[in-house]
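See below for the structure under consideration.
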Amino acid sequence: MKVIGILTSGGDAPGMNAAVRAITRVANKLGMDVFGIYHGFAGLIEDEIIRLDSRKVGDVLHRGGTFLKTARSPEFMTEEGQAKAVANIKKYGMQGLAVIGGDGSFKGALALQRHGVKVVGIPGTIDNDIPCTDYTIGFDTAINTVVDCVNKIRDTATSHERTFVVEVMGKNCGDLALHAGLAGGAEVILIPEVEPDYDAVCKKVQKSHHQAKSHAVVIVAEGVGGDPAYRKDYLSAAFHVAELINKRTGIETRVTILGHIQRGGSPTASDRLLASRLGAEAARALYEEDTGKMIAIQDGKVVRVDLEYALSQKKTVKREYLELANMLSSV
């Protein structure tokens, strides 16, 4: 393979720039030309394509987000949109495409594969919701961002002797809530994969307040409780949980929704290393024309997994982490 393209798609994640840098520089070392595609699949349709080289990806390793930008593209979901994308791939002589993103991005990559485009996927999402890889690019940075916020919130919770419910991202996957809650010493962690026991939650909050601690932090993934329609007047999982605690315990409870602050920031060293390793392997896979693969990390090793197979699997939560968090938060 002599010419490849790179795009970032879906939600941005710290470390995407590091992955683009690694793909570009390793590809150049292997004698391949590289094109960068702005705004994901939308830019592929609109011909927002530039040539990348080792110098153009300098000074991006430490930057959050993605300098290639990202966007949603309803047009790409149509056959006409995909045909335009394929035409532009051929126009620039691209023989393969590296797609950095989450499951939606990978579905787009598979759509291009059905049109004869050779693709490789690199998992980049703060949710860590991609099967067949232990971690995704951006996850570690998001954990550290949440823990930093929880540390600050706990200062106020302690001062006012309140309970704080902190909502983090994760509609279908509770990994961010689970890891950040465990690392941040949360008294309660609620994730979409486990049906919440609100009686147990309230008892734990009450017990915490009756001890010398006199405050509690509850971490809630945004997907807890399912569809917001089932929460009636509560569009946020956190407000629903806070209202239940208030009514059942009488303890003053406040809500903090961290929102998109979780996606930003300079990537941690761990995310830079992960992105560099996955990006380098993606370049090698394209060079060898070993495509239709997702580059993943399993037990510390970089591996290539069939992309279609990975998307057919279901991400499972680490129950032992939840059990450990419950043990460590006992008061």
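The values are calculated or read from the model by the stated rules, or taken from the named source; none is laboratory data. Nothing here was measured: the structure is a model prediction, and the numbers come from that model. Quick reminder, even Gly has a Cβ in these numbers, built from the backbone with ideal geometry, and neighbours come from all protein chains shown.
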| query | Can you find even one residue in the range 262-272 that is farther than 29 Å from GLU167 by Cβ, in the same structural domain as LEU61 (by TED's automatic domain parsing) and within 19 Å of the chain's Cα centre (by Cα)? | reply | no
| In the range 139-181, what count of residues is obtained for those that are at pLDDT below 95, under 18 Å from TYR321 (Cα atoms) and touching a Ser or Thr at 6+ places or on another chain (Cβ under 8 Å)? | 0
| If we scan the range 72-91, do we find a residue that is out of contact with any Lys or Arg (no Cβ under 6 Å at 6 or more places or on another chain), free of Cβ contacts under 8 Å to residues at least 60 places away in the same chain, assigned to a loop (DSSP other than H, G, I, E, B) and among the β-branched types (Val, Ile, Thr)? | yes
| field | Residue in the range 148-162 that is among the polar types (S, T, N, Q) and either within 25 Å of GLU289 (Cα to Cα) or surrounded by 23 or more Cβ atoms within 10 Å (Cβ to Cβ) (or both) present | value | no
| Within the range 44-71, which residues are without any contact (Cβ under 8 Å) to a residue 40 or more places away in the chain and of a type in the set (S, T, N, Q)? | SER54
| remark: Checked the range 4-37 for anything on the phi > 0 side of the Ramachandran plot and modelled with pLDDT of 95 or more; matches are GLY15, GLY31
| query | If VAL241 satisfies every condition in (1) touching a residue at least 60 places away in the same chain (Cβ under 8 Å); (2) of a type in the set (Val, Ile, Thr); (3) out of contact with any Ser or Thr (no Cβ under 9 Å at 6 or more places or on another chain) but one, which is the exception? | reply | (3)
| query | Assuming ALA221 fulfils every condition listed in (1) touching a Cys at 6+ places or on another chain (Cβ under 9 Å); (2) free of Cβ contacts under 8 Å to residues at least 60 places away in the same chain; (3) within 24 Å of SER159 (Cα to Cα) apart from one, which condition is it? | reply | (3)
| task | Considering each residue of the range 245-261, count those that are surrounded by fewer than 19 Cβ atoms within 10 Å (Cβ to Cβ), over 17 Å from the mean Cα position of the chain (by Cα) and part of a helix (DSSP H, G or I), and give that number. | result | 4
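Name the residues in the range 265-282 that are surrounded by fewer than 22 Cβ atoms within 10 Å (Cβ to Cβ) and either outside any helix (DSSP H, G or I) or in contact (Cβ under 8 Å) with a residue 60 or more places away in the chain (or both), would you? Step through it out loud before you land on a result.
The first filter runs over the range 265-282 and keeps only residues surrounded by fewer than 22 Cβ atoms within 10 Å (Cβ to Cβ), leaving 265-266, 268-270, 273, 276-277, 280.
Selection gives GLY265, SER266, THR268, SER270, SER276, ARG277, ALA280.
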| field | The lone exception for ALA71 - which of (1) modelled with pLDDT under 95; (2) on the phi > 0 side of the Ramachandran plot it fails | value | (2)
| said: Among the residues of the range 13-37, what is the count of those that are surrounded by fewer than 24 Cβ atoms within 10 Å (Cβ to Cβ) and under 17 Å from GLY104 (Cα atoms)? | reply: 0
| Restricting to the range 34-84, what's the tally of residues that are farther than 19 Å from ILE23 by Cβ and among the small types (Gly, Ala, Ser)? | 5
| request: Please enumerate the residues belonging to the range 283-325 that are within 23 Å of GLY174 (Cα to Cα), touching a strand residue (DSSP E or B) at 6+ places or on another chain (Cβ under 8 Å) and part of a helix (DSSP H, G or I). | output: LEU307, ALA310, LEU322, ALA325
